[in-house]
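Inspection log for the structure reproduced underneath, given as structure tokens.
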Amino acid sequence: MKLRTRFSLIFAGLVTLVLVLTGVFLYLSEKSHLERKVREEQWGALKKLASLCQEATLSKNEIILINHLALLRSDPKLAYAAFVDLDGRILVHTETARMGQKWDEDLAGNGVFLLRQSIQVRGTPAGEALLAYHTQTLRREIQSVLYQDMRRFVLVAGVALVIAILLGFYLAHSIARPIGSVALGAIEIGEGKLDYRIPMERSDEIGILAGSFNHMAKRLQELDELKEEFISMISHELRSPLSGIKGYTQILRQELATHEKYQEFLGIIEQCADRLARLVSNILDLAKMEAGLMEFEKQPLDMAQAGLEAVRLLMPEAEKAQIKLELNIPKLPPVSADTDAMK
């Protein structure tokens, strides 16, 4: 999986987790707020009912209270409202059929939430105000409000999630693209293209990394050029005296053609000069091979003959080191190879 895709998925996952946790928190907070608000409204309604009961008792005018109860009946959450005297007799009730009856706990009903408050007139207890609400109706109303709120939240959260995913993809692209450029630059430099530079104009950590790569490539290029100059100089400086040695050796061999001992010494000198010349060529060939510029001239080659000539070249050094060289190559068909490179 690419870094860009992985980063986008992680970013989207984190945003989704934050939105889910935020939604749960808002749901619980809103539910608590609605329940508290409903309770406050219920206690407020009870206080108002208690105040009207007190006023009706003082004025001995129950019409005010009856009209208020008629208004309360329009609330679907209300189970009933009543005013009960000290003897437990129902003076006023939202269900007029119950007026005058004896109220007890059994009349409270199941599935209702009952609120009660004592009524005092001039410091003397006069009865009790009752408000009962349907529990299921209250829950449905709260759930309905929560559903509407959460529906709006989900809509907003969905838009936010889409924006966050697009933003995450953009951020992932802005991070992955320069990292990819650095990785490509590392590959190019690793393949020997030391003149390659990573195009980067950033001041953050990635820009610093790209700058370090470019600086490294520049130093490697300078060292490579220095190495080539050194090899070229050494090859030139060695070839010049070797050419002189070989030339004067050939002249001396012509002048001293009758002296066998001198001829042998001069032959050794000439062989050593040839060997040094070959070593210089090998240094240049090694540099070419490292740079990938080595060119081979392939032709049919007898491996046995090439091996024999290689052993002959090493024989003097082997004899000095008291090493015995033996060549055992079976009869082989010719191979296509560069003769000098194979030797």
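The values are calculated or read from the model by the stated rules, or taken from the named source; none is laboratory data. The model shown is predicted, which means the values in this text are computed figures rather than measured ones. Note: ideal-geometry Cβ built from the backbone for every residue, glycine included; neighbour counts use all protein chains shown. Heavy atoms of the whole protein, side chains included, go into the accessibility calculation; ligands, DNA and RNA do not. Shrake-Rupley method; radii C 1.70, N 1.55, O 1.52, S 1.80 Å.
Of the options T16, A129, I231, report the single residue whose Cα projects farthest towards the positive end of the charge dipole of the chain (beta-carbon charges: Lys, Arg +1; Asp, Glu -1).
Result: A129.
Looking at L34, G244, L256, which one has the Cα that reaches farthest to the positive end of the dipole of the chain (charges on Cβ: Lys, Arg +1; Asp, Glu -1)?
So the residue furthest toward the plus end is L34.
Amide H neighbours of Q101 under 5 Å, counting only residues 5+ apart in sequence or on other chains, H built in-plane at 1.01 Å?
Those qualifying (amide H under 5 Å, at least 5 residues apart or on another chain) are I90.
Which residue, chosen from L58, C272, Q305, occupies the Cα position most advanced towards the positive end of the dipole of the chain, where the dipole is computed from +1 (Lys, Arg) and -1 (Asp, Glu) charges on Cβ about the Cα centre?
Comparing the listed Cα positions along the dipole, L58 ranks first.
On a 25 Å Cα-Cα criterion, which of the cross-link pairs K193/K227; K246/K298; K193/K298 come out too long? Mind dumping the intermediate values first?
On the way: K193/K227 16 Å; K246/K298 29 Å; K193/K298 27 Å.
Violating the 25 Å limit, Cα to Cα: K246/K298; K193/K298.
Among all the lysines, which ones have a C-alpha under 16 Å from K47's C-alpha, if same-chain residues fewer than 8 places away are not counted?
Straight-line reach from K47, under 16 Å: K37.
Quick one: with all protein chains in place, what share of the accessible area of the chain is carbon or sulfur, to the nearest percent (1.4 Å probe)? Before the final figure, lay out the partial values.
Working: 14090 of 23590 Å².
Using a 1.4 Å probe with all protein chains present, the chain comes out at 60 percent carbon and sulfur.
Around H215, under 12 Å between beta carbons, what's the net of Lys plus Arg minus Asp minus Glu among the other residues?
Values: positive: R197, K218, R219; negative: E222.
Surrounding charge for H215 is +2.
What shape does the range 40-79 have by the C-alpha gyration tensor, where a ≥ b ≥ c are the square roots of the eigenvalues, rounded means a/c under 1.5, and otherwise prolate means a/b greater than b/c and oblate the rest?
Details: a/c = 3.92, a/b = 1.52, b/c = 2.57.
Oblate, since a/c reaches 1.5 and b/c is not below a/b.
Treating only the Cβ atoms of Lys and Arg (+1) and Asp and Glu (-1) as charged, compute the dipole magnitude of the range 10-158 about its Cα centre; round to the nearest 20 debye. Intermediate values should be presented prior to the final figure.
Numbers: 18 positive and 16 negative charges, 68 e Å.
Its charge dipole is roughly 320 debye.
Provide the per-residue ³J(HN,Hα) series for the range 30-41, in order, calculated from phi with Karplus coefficients 6.51, -1.76, 1.60 and θ = phi - 60°, each as a whole number of Hz, with x at glycine and proline positions.
Computed from phi, the couplings for the range 30-41 are 5, 5, 4, 5, 5, 5, 5, 5, 5, 4, 4, 5 Hz.
Give me the percent relative contact order of the chain, please, defined on Cα pairs under 8 angstrom at least 6 residues apart.
Working: 324 pairs, mean separation 42.5, N = 343.
Reported as a whole number, the value is 12 percent.
Please compute the length gained on full extension between L21 and L327, using 0.36 nm multiplied by the number of residues separating them and subtracting their Cα-Cα distance. Write out the running numbers ahead of the final one.
On the way: separation 306, 0.36 × 306 = 110.16 nm, distance 8.18 nm.
Length gained, L21 through L327: 102.0 nm.
Under a Cβ-Cβ cut-off of 14 Å, what is the net charge of the residues other than G44 that fall near it, where Lys and Arg count +1 and Asp and Glu count -1?
Numbers: positive: R36, K37, R39, K47, K48, K77; negative: E40, E41, D75.
Here the count lands on +3.
Cut-off 10 angstrom, C-alpha nodes, Gaussian network model of the chain. Which of S212, S118, S174 fluctuates the most?
Of S212, S118, S174, the most mobile in the Gaussian network model is S118.
So if we plug the beta-carbon distance of R312 and E229 into 1/(1 + (r/R0)^6) with R0 = 56 Å, what FRET efficiency do we get, rounded to 0.05? Working shown, then result.
Details: r = 35 Å, r/R0 = 0.62.
Approximately 0.95, to the nearest 0.05.
For a quick check: with amide H placed at 1.01 Å from N, whose amide H comes under 5 Å from A337's, ignoring anything fewer than 5 positions away on the same chain?
Here Q299, L301 satisfy the definition.
Can you give me the angle between helix 205-255 and the longest principal axis of the chain, using Cα atoms only, in degrees from 0 to 90, rounded to the nearest 10?
So the inclination is approximately 10 degrees.
Top to bottom by accessible area (1.4 Å), largest first, where do T249, T96, T57 land? It would help to have the intermediate numbers written out before the result.
Details: T249 5, T96 95, T57 45 Å².
From most exposed to least exposed: T96, T57, T249.
Can you give the charge dipole size of the range 72-176 about its Cα centre, rounded to the nearest 20 debye, using +1 on the beta carbon of Lys and Arg and -1 on the beta carbon of Asp and Glu?
Working: 11 positive and 10 negative charges, 66 e Å.
The calculation lands at about 320 debye.
Probe of 1.4 angstrom, ligands and nucleic acids ignored: what's the accessible area per residue over the range 83-193, in square angstrom? Numbers along the way, then the final one.
Working: 6690 Å² over 111 residues.
Accessible area per residue, the range 83-193: 60 Å².
What is the dipole size for the chain, taken about its Cα centre, with +1 at each Lys and Arg Cβ and -1 at each Asp and Glu Cβ, in debye to the nearest 20?
Working: 41 positive and 44 negative charges, 405 e Å.
Here the chain has a charge dipole of around 1940 debye.
What is the chain by shape, rounded, prolate or oblate, if you read a ≥ b ≥ c off the alpha carbon gyration tensor as root eigenvalues and call it rounded for a/c under 1.5, prolate for a/b larger than b/c, and oblate otherwise? Provide the component values of the computation, followed by the final result.
Values: a/c = 7.68, a/b = 5.66, b/c = 1.36.
Prolate, since a/c reaches 1.5 and a/b exceeds b/c.
With the Cα gyration tensor of the range 1-72 giving a ≥ b ≥ c as the square roots of its eigenvalues, does the rule (a/c under 1.5 for rounded; else a/b larger than b/c for prolate; else oblate) give rounded, prolate or oblate?
On the way: a/c = 13.13, a/b = 6.60, b/c = 1.99.
It comes out prolate by the Cα gyration axes.
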